[in-house]
Amino acid sequence: MSAPLIPARLRKLIGGIGIMVFLAAYVWAFTSLYDYLPNNRAIHLIYFAVAGLAWGLPLLPLMSWMGKADRKL
């Protein structure tokens, strides 16, 4: 597998901006959905546990791409 053509510094900048945009949308979506939950503490606990951990899964490919080494010339 070859390294990407984009320099590591630019990949990290693009990835950092992408992460911030994703997290802003993620937080907005999950806080908006909170209003529709039933008033039950157990459901709230499960909801926030899942929401608090689930953000990382969609970002793993982006973080992996950001961490690739530059191509040797």
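For the chain, a simple Cβ point-charge model (Lys and Arg +1, Asp and Glu -1, everything else neutral) yields a dipole of about 440 debye relative to the Cα centre. Annotation for the chain: trypsin sites (Lys or Arg not before Pro) lying in DSSP loop with at most 13 further Cβ atoms inside 10 Å of their Cβ are Arg71, Lys72. Projecting the Cα atoms of Ile46, Gly15, Ala69 onto the charge dipole of the chain (Cβ charges, centred on the Cα centre) puts Ala69 farthest toward the positive pole. Here the spin labels are modelled as points 7 Å beyond Cα on the Cα-Cβ line, and at Val21 and Leu37 they lie 2.9 nm apart. Against the chain, whose longest principal axis is taken from its Cα atoms, helix 56-66 shows a tilt of about 10°. Which residue fluctuates most in the GNM of the chain (Cα springs below 10 Å): Leu62, Leu45, Leu13? Result: Leu45 has the largest fluctuation of those listed.
Relative to the longest principal axis of the Cα atoms of the chain, the long axis of helix 8-34 makes an angle of roughly 10 degrees. For the chain, taking the reciprocal of the average inverse distance between every pair of different Cα atoms yields a Kirkwood hydrodynamic radius of 14.5 Å. The angle between the Cα long axis of helix 41-54 and the main principal axis of the chain comes to about 10°, on a 0 to 90 degree scale. Got the relative contact order for the chain handy, in percent, Cα pairs under 8 Å and 6 or more residues apart? Taking the mean separation of contacting Cα pairs over the length of the chain, I get 73 percent.
None of the figures in this text is laboratory data; all of them are computed from the coordinates on show. This structure is a prediction, so every number in the text was calculated from the model and none was measured. Using ideal geometry, Cβ is built from the backbone for each residue, glycine included, and neighbour counts are taken over all protein chains shown.
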